[in-house]
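Colleague: Supplied in structure tokens, the structure appears directly below.
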Amino acid sequence: MKKSHEQELVEEIRLEELEGKENPQVFKGMIKWISRNLKFLFVPGAKIEDLTVRETEYEKSISKRKFIRRLKSTLTIIGIGIIFFIVTLVVFPEWISPYTREELTDFLTGSYSAPSPEHPLGQTEVGRDVLGRLIYGARDSITIALPAILFALFFGIILGVIAAYYGGWVDSVIMRIMDILLAFPGLILVLVFIAIWGRRMEYFILAYGILGIAGYSRLIRGSVLQARELPYVDAARVAGAGNWRIMFRHILPNTIQPIIISFTFDIGGIILSLAGLSFLGFGDSRLIEWGNDISTARAMLYSAPWAAFWPGIMIIITVLGFMLLGDGLRDAFDPRLRNL
Amino acid sequence: MSMLTYLIRRILIMIPVLFGVIAITFFLSRMMPGDPVYSHLGQHWTQEQYDAKAAELGLNLPIIEQFFRYIGDLFTGNWGTSISINEGSEVWDLVWQRFPRTLDLTIFSVLISGFIGVKTGVLSARHRNRPKDTVARGIALVGVSIPVFWMGILLQYLLTYQIPILPSSHFKTAWYPDPEFITGFRLIDSLISGQIYLTIDYLIHLILPVTCLGFITLASITRQTRSSMLEVLEQDYVRTARAKGCKEKDVVHTHALKNALIPTITVIGLNFSGLLTGAILTETTFNFHGIGEMLLASIVASDYYVLSALVFAAALIFIAINLLIDLLYGIVDPRIRY
């Protein structure tokens, strides 16, 4: 009987698993994996033959499309909209604000003037436009928050998976180190870093990244500890997979869900923390930061409240967007909230 | 396994963490710029004076010996002398002068936000997707996104300037005296020594800072309680209790709430470091003269002793709170005392 294309693929996969063939080009394999899974997740009618045969056990395609539908609740859409808005401000500030960055960090006239047609939200202490600083401030906040989180994600996930998978003394040592890091309140550790090495943007990224590593490794350790006992790990090992392959190709994709949710909440958290840092005066003075604006405008709070009011509103909107998205993702992932 | 064994196990786990914290504090403080010997000498000094001072402070010894001396100093209360705040005073005295105020702020915030937060969370979960729930969720969402200091500034503007009913800063009216020193806590001392006007004044000054700090803690407690209550209310034993004819009030408060409290306690514990951070920001906004302000002043002045003492104290408090949370777990959930 002529073999169908599907049957050929199945045989090919069985042969591959039996031989324990490793993909020698790790980077290319990674890109391929990411693009295949993204395409499968987000394109509702995607038929990737290789994938549908290989991953039949856990991808009821209906459930993934339902995920996208569950994501469509009103508040989550508002959150995604806010994030798009902020990203636009990050990428295209020159097209939105009539002022350039030099004008916004320069010393001009018109101290604390009231809202007027050229300055829709008024001016700050040295004559800078409040609205323009709101717009450019988005870029500096995200420039610090995003690399810090990605740094923390990368190292945190690797450390957490290794710690939970191997267990024993590896687990104990790594987790003790993370506990020690977490014993310091976040802002205090960052302040101490600043005290030692100075107030530069790169050190903020490093400090928040290191704190984030501790958080993420603990988070993923919990999930991996549970996933380690499941039968598919044994199945993969019987098929000849080595430790690293099991860790990062089998266990990791199943345990990444709380990380995604935490990721969105943490971006908001870092932006808030950064605002606090620049409010206290420890921010990098080359940056345009909302917290810094609030702090300088405090001096004239009672007579020019607009200068201190609007940066705060901007912080709230930004963090709110990420929080809404995080809430939406959490509700969409949760299998127990059946009726959404 | 009994409560005591559980407690001892948790403490034993904490000891290496504590040791790590002390080690990191020591090495970080040694890395700070600024030579501590200079700050003890005056304007003009000779090389012999420098050497003598350095030997006295123990800075000539190898780093390991310095480390052990440091540990000894920490636990005997010899935290050094401050160089910037009240020139030359003992750090220990300074910390204990200001620490009770920060403690008051933090404890009031946690208590108030804990009670109101849990109640609101339960309310939210019970009336899910109805107007009460939507309003509560909205307020909670804004609460976790709002920066503490901005809320402080807003409240200062509205309640201090536009409608002048509350004081805008400090923890006491300027010319009021301090009560006699019995415990160091202003609230307790003024009550014991009978100077009630000091108590009332202190409480009035506490209203705004506690509102700011408490609102944010309240928001995150509400969110966490709501989501864990939702989970619990779908469990089978709740359905059983209702089927057996239990009043709704009893179902929620006696059966469901205790189970829902466990993740909430975790969140309160995790939030505690956020509380310390928030206390720093709140104290700066309201000029409250607590530990937070002292920390900032010491960083600005590169005050090596104060900074390391405060970082150590903060980490110690955090570890103690974690221990307390673990203890609470053991009390609330008997299954955890394996």
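No lab work stands behind these numbers, since they all come straight from the coordinates. Keep in mind it's a predicted model, so treat the numbers as computed, not measured. In this analysis, Cβ positions are derived from the backbone assuming ideal geometry, glycine residues included, and neighbour counts consider all displayed protein chains.
Colleague: Please compute, for peptide A:172-184, the average count of beta-carbon atoms on other protein chains lying within 10 Å of each residue's beta-carbon.
Modeller: Other-chain Cβ atoms within 10 Å of each residue's Cβ, averaged: 5.
Colleague: I would also like to ask the following. Could you work out, residue by residue across A:291-297, how many beta carbons of other chains sit within 10 Å of that residue's beta carbon, and then give the average as an integer?
Modeller: 2
Colleague: Same structure, new question: Any idea what the relative contact order of chain B is, in percent, if you count C-alpha pairs under 8 Å spaced at least 6 apart?
Modeller: Dividing the mean separation by the residue count of chain B yields 27 percent.
Colleague: Follow-up. Semi-axes of the equivalent ellipsoid of the stretch A:72-187: what are they in whole Å, largest first, if each equals the square root of 5 times a C-alpha gyration tensor eigenvalue?
Modeller: Numbers: eigenvalues 378, 71, 29 Å².
The answer is 43, 19, 12 Å, longest axis first.
Colleague: Give me the dipole magnitude in Debye, nearest 20, for the protein assembly as shown about the Cα centre, with unit charges on the beta carbon: positive for Lys and Arg, negative for Asp and Glu.
Modeller: 3140 debye
Colleague: Along each of the three principal axes of the Cα atoms of the stretch A:183-279, give the extent in whole Å, ordering the values from largest to smallest.
Modeller: 55, 23, 22
Colleague: How many partner chain Cβ atoms sit within 10 Å of a residue's Cβ in peptide B:236-246, on average, as a whole number?
Modeller: Numbers: counts 0, 0, 0, 0, 0, 0, 0, 0, 0, 0, 0.
Partner Cβ neighbours, averaged per residue: 0.
Colleague: Let me ask something else about it. Could you list, bin by bin from short to long, the percent of Cα-Cα pairs of the stretch A:268-330 in 5 Å steps?
Modeller: Distribution as computed: 4, 19, 24, 21, 15, 9, 5, 2, 1 percent.
Colleague: Right, something else. Where does the stretch B:168-285 land on the Kirkwood hydrodynamic radius, alpha-carbon pairs, in angstrom? Write down the numbers at each step before the final one.
Modeller: Numbers: mean 1/r = 0.0569 Å⁻¹.
So the Kirkwood estimate lands at 17.6 Å.
Colleague: Same structure, new question: Please work out, to two decimal places, the log10 of the ratio I(q)/I(0) at q = 0.07 Å⁻¹ from a Debye calculation in which every Cα of chain A carries one identical scatterer.
Modeller: With one equal scatterer per Cα and no solvent, log10 I(q)/I(0) is -0.41.
Colleague: Looking at chain A as a GNM with Cα springs under 10 Å, which of A:I220, A:I259, A:I188 has the largest mean-square fluctuation?
Modeller: Sorting by GNM fluctuation, first place goes to A:I188.
Colleague: Given a cut-off of 32 Å, name the pairs among B:K172/B:K258; B:K172/B:K249; A:K72/B:K132; A:K72/B:K244 whose C-alpha atoms lie farther apart than that in the structure shown.
Modeller: B:K172/B:K258; B:K172/B:K249; A:K72/B:K244
Colleague: Looking at the stretch A:64-112, which trypsin sites (Lys or Arg not before Pro) are DSSP coil and have at most 15 other C-beta atoms within 10 Å of their C-beta?
Modeller: A:K72
Colleague: A further question follows. Which whole number of Å³ per residue matches the convex hull of the alpha-carbon atoms in the stretch B:91-337?
Modeller: Residue-normalised Cα hull volume stands at 161 Å³.
Colleague: Still on this structure: Once amide H atoms are built 1.01 Å from N in the peptide plane, which residues 5 or more positions from A:L121, or in another chain, come under 5 Å H to H?
Modeller: A:S116, A:V130, A:L131
Colleague: Explain nothing, just the number: relative contact order of the stretch A:255-340, from Cα pairs under 8 Å at least 6 residues apart, as a whole percent.
Modeller: Answer for the stretch A:255-340 is 33 percent.
Colleague: Calculate the all-directions average of the projected area of the stretch B:166-237's alpha-carbon convex hull, and give it in nm². Working shown, then result.
Modeller: Values: hull surface 30.2 nm².
Mean projected area of the Cα convex hull: 7.6 nm².
Colleague: Which whole-number percentage describes the relative contact order of chain A, with Cα contacts under 8 Å and a sequence gap of 6 or more? Each step should come with its number before you reach the end.
Modeller: Values: 386 pairs, mean separation 73.2, N = 340.
Relative contact order of chain A: 22 percent.
Colleague: Could you give the radius of gyration (one decimal) and Dmax (whole number) of the Cα atoms in the protein assembly as shown, in Å?
Modeller: Values for the protein assembly as shown (Cα only, Rg and Dmax): 27.9, 101 Å.
Colleague: Quick check: convex hull of the Cα atoms in the stretch B:171-213, volume per residue, rounded to a whole Å³?
Modeller: It is 67 Å³ per residue.
Colleague: Of the listed peptides A:205-217, A:223-235, B:170-182, what is their order by residue-averaged count of other C-beta atoms within 10 Å, with the highest listed first?
Modeller: Highest-to-lowest ranking by the protection proxy: A:205-217, A:223-235, B:170-182.
Colleague: Once phi is turned into ³J(HN,Hα) by the Karplus curve 6.51 cos²θ - 1.76 cosθ + 1.60 with θ = phi - 60°, what whole-Hz value does each residue of the stretch B:295-311 show in order, with x for glycine and proline?
Modeller: Per residue, the Karplus-derived 3J(HN,Hα) values read 4, 5, 4, 5, 6, 4, 8, 6, 8, 3, 6, 4, 4, 5, 5, 5, 5 Hz.
Colleague: If you don't mind, another one. How many nm is it between the label spots at A:I256 and B:F115, if each spot is 7 Å from the Cα in line with the beta carbon?
Modeller: 4.7 nm
Colleague: So what J values fall out for the stretch A:277-285 if you push phi through Karplus, 6.51 cos²θ - 1.76 cosθ + 1.60 with θ = phi - 60°, rounded to Hz, Gly and Pro as x?
Modeller: 4, 6, 5, 6, x, 9, x, 6, 6
Colleague: Kindly state, to the nearest 0.05, the FRET efficiency for B:L103 paired with A:I96, given R0 = 51 Å and r defined as their beta-carbon distance.
Modeller: On the way: r = 46 Å, r/R0 = 0.91.
Once the sixth-power term is evaluated, E becomes 0.65.
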